[in-house]
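Student: Before I ask anything, let me first share the structure, which is written out below as structure tokens.
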Amino acid sequence: MDNEPWDVIIVGGGAAGLNAALVLARARRRVVVIDSGEPRNRFAPHMHGFLSRDGISPLELLEIGRGEVRSYGGEIVSGRAVGVTGEAGAFTVEVDDGRMLASRRLVIATGLRDELPDLPGLTGQWGRGAVACPYCDGWESRDSRIGVLATSAMSVHQASLLRQWSSDVTFVGPLTAELDPETRAGLEARGVRIDPRSATAVLEDAEGVLTGLTLDDGTTLPLDRLFVGPRLVANDDLLRRLGADRAETPLGEWVASDPFGATSVPGVWVAGNSAVSHALVVMAAASGAAVATQINADLVGDDTRRALAARSVRA
Ligand SMILES: Cc1cc2nc3c(=O)[nH]c(=O)nc-3n(C[C@H](O)[C@H](O)[C@H](O)COP(=O)(O)OP(=O)(O)OC[C@H]3O[C@@H](n4cnc5c(N)ncnc54)[C@H](O)[C@@H]3O)c2cc1C
């Protein structure tokens with residue numbers, strides 16, 4: 001066990017975890033971030049929609065963040081947290097190198113995984129020619145030939161939104177045959193083409209640029225950009241071990257938390273995609289900051305109780 005307990009262990013060093021660490025370190029709390037170095041957007045060369053950082057590499061954002069956290073005395077441990085036990089005031093987190101770290105409070109900011117549909121060529125294009133989020137990549141896809149792969153009932157929202165960026169949108173896949181008449185009419189009225197054929201592969205040119213989809217009748221649908229709705233899977237092993245309550249959301253079951261990220265387990269908070277699956281980077285960072293202020297206030301209460309107890313012992 002590393003010697004003195006940390007005030008706060010933060011598991012996950014993406015935008016959410018690092019911003020929580022930054023605010024806590026600046027509040028003179030002893031804070032350590034455990035991070036396995038696989039932020040969800042690592043496949044994308046550029047990050048968009050973050051005021052003052054628009055267009056930089058997502059990995060560069062985190063490198064800057066780690067430097068800022070360290071500059072206030074926060075520590076970053078490279079590794080995966082594989083176990084957690086304890087309760088508010090005395091948590092123990094096990095890192096995959098065997099280290100055991102103790103803390104008074106915990107932030108879980110481990111994000112989520114995007115599980116892509118099984119379509120040849122898709123994985124290699126992920127984050128470049130094939131993307132998920134209109135607000136992240138819609139501008140870069142403006143006025144181009146956009147395909148939206150129908151992967152679930154939620155894909156209709158992508159198809160509907162993307163018409164905002166281009167007049168050349170094709171909503172493709174057998175699931176489109178299940179659209180209710182009103183939704184279909186609305187999409188078609190706005191000029192979205194609906195194609196019920198199955199995609200069998202994602203195509204790219206010799207430079208690795210996405211060029212379209214092969215369809216099950218052997219024809220090619222030429223495209224510049226493909227939008228896909230992956231299955232979102234929370235990286236929530238630690239929260240399950242802690243027994244945190246879960247709740248239904250429109251995108252599936254997720255850990256339950258209050259508007260400030262507190263879970264049902266006293267002393268445990270969530271931030272970023274661990275709290276809400278739709279959080280963009282700036283939202284993840286903001287939620288990390290919000291969680292940090294809540295935890296600091298909670299620790300101040302704890303510090304006060306301890307000080308009063310110590311005074312009554314002395315008296
Ligand atoms: C291809 C793609 C492109 C995107 N582009 C944009 C964009 O342009 N703009 C935008 O705003 N959003 C974008 N997003 C969304 C963006 O990725 C998320 O908003 C953001 O990553 C959420 O931050 P986070 O800190 O919650 O999680 P993450 O950034 O995913 O960070 C979680 C961290 O926790 C670590 N971790 C997980 N489990 C453990 C563990 N057990 N122990 C230790 N560490 C662990 C991971 O390695 C990772 O470093 C994009 C998403 C994708 C998939």
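Coordinate-derived values only; no laboratory data. On a predicted model such as this, the values are computed, not experimentally measured, just so you know. Note: ideal-geometry Cβ built from the backbone for every residue, glycine included; neighbour counts use all protein chains shown.
Student: Along the three principal axes, how long is the chain when you take its alpha carbons, biggest first, rounded to the nearest angstrom?
Tutor: 84, 39, 35 Å, listed from the longest principal axis down.
Student: Suppose a student asked you for the relative contact order of the stretch 117-228, using Cα pairs under 8 Å spaced at least 6 residues apart; what percent would you report?
Tutor: It rounds to 33 percent for the stretch 117-228.
Student: Around Arg231, what is the net charge, scoring Lys/Arg as +1 and Asp/Glu as -1 over all other residues with Cβ under 15 Å from its Cβ?
Tutor: -3
Student: As a footprinting exposure proxy, order Trp139, Trp269, Trp6, Trp126 by other Cβ within 10 Å, with the fewest listed first.
Tutor: Trp139, Trp126, Trp6, Trp269
Student: Could you work out how far helix 58-71 tilts from the main Cα principal axis of the chain, as a 0 to 90 degree angle to the nearest 10?
Tutor: 10
Student: Zone of Glu115 (label point 7 Å along Cα→Cβ, backbone N under 12 Å): which residues in the stretch 241-258?
Tutor: 253
Student: While we're looking at this one, here's another question. Report, to two decimal places, the Cα Rg of the stretch 117-228 normalised by 2.2 N^0.38 Å (N = number of residues). It would help to have the intermediate numbers written out before the result.
Tutor: On the way: Rg = 12.8 Å, N = 112, 2.2 N^0.38 = 13.2 Å.
Scaled against compact globular proteins, the figure is 0.97.
Student: Name the residue farthest towards the positive end of the dipole of the chain from the options Ala20, Ser274, Val82, assuming +1 on Cβ of Lys and Arg, -1 on Cβ of Asp and Glu, about the Cα centre.
Tutor: Ala20
Student: Also, I was wondering about something else. For the Cα atoms of the chain, what angle does the longest principal axis make with the long axis of helix 281-314, in degrees from 0 to 90, nearest 10?
Tutor: 10
Student: Where does the charge balance sit around Ala285 when Lys and Arg score +1, Asp and Glu -1, over other residues with C-beta under 12 Å from its C-beta? Intermediate results must be reported in sequence, preceding the final value.
Tutor: On the way: positive: Arg53; negative: Glu68.
Residues close to Ala285 contribute a combined charge of 0.
Student: Also, quick follow-up: Please work out the Cα center distance from the stretch 97-169 to the stretch 48-88, rounded to the nearest Å.
Tutor: The distance from the Cα centre of the stretch 97-169 to that of the stretch 48-88 comes to 21 Å.
Student: Fewest Cβ neighbours within 10 Å first, please rank Leu221, Leu251, Leu308 accordingly. The partial results should precede the final answer.
Tutor: Values: Leu221 19, Leu251 15, Leu308 10.
Exposure proxy ranking, most exposed first: Leu308, Leu251, Leu221.
Student: How much of the DSSP bridge set in the chain is antiparallel, in percent, rounded to the nearest 5?
Tutor: Of the beta bridges lying entirely in the chain, close to 45 percent run antiparallel.
Student: Right, here's the next one. Please report the relative contact order for the chain, taking Cα pairs under 8 Å with a sequence separation of at least 6, and give it as a percent rounded to a whole number. Present the calculation step by step, with values, prior to reporting the outcome.
Tutor: On the way: 663 pairs, mean separation 66.0, N = 315.
It rounds to 21 percent for the chain.
Student: With 10 angstrom as the radius, rank Val69, Val233, Val282, Val32 by how many other C-beta atoms surround their C-beta, starting from the fewest. Could you put the intermediate results ahead of the total?
Tutor: Values: Val69 27, Val233 12, Val282 17, Val32 21.
Least to most surrounded, the residues fall as Val233, Val282, Val32, Val69.
Student: Starting at the first residue of the stretch 206-215, write each ³J(HN,Hα) from the Karplus equation 6.51 cos²θ - 1.76 cosθ + 1.60 with θ = phi - 60°, in whole Hz, x for Gly and Pro.
Tutor: With coefficients 6.51, -1.76 and 1.60, one gets 4, 8, x, 8, 4, 10, x, 10, 8, 9 Hz.
Student: Let me ask another. Extension gain Arg246-Thr183, at 0.36 nm per residue separation less the Cα-Cα distance, in nm?
Tutor: Answer, rounded to one decimal: 19.5 nm.
Student: Compute the acute angle (0 to 90°) between the alpha-carbon long axis of helix 15-26 and the principal axis of greatest extent of the alpha-carbon atoms of the chain; round to the nearest 10°.
Tutor: That helix lies at roughly 30 degrees to the long axis.
Student: While we're looking at this one, here's another question. Rounded to whole Å, give me the distance from the Cα center of the stretch 197-229 to that of the stretch 239-296.
Tutor: The stretch 197-229 and the stretch 239-296 have Cα centres spaced 36 Å from each other.
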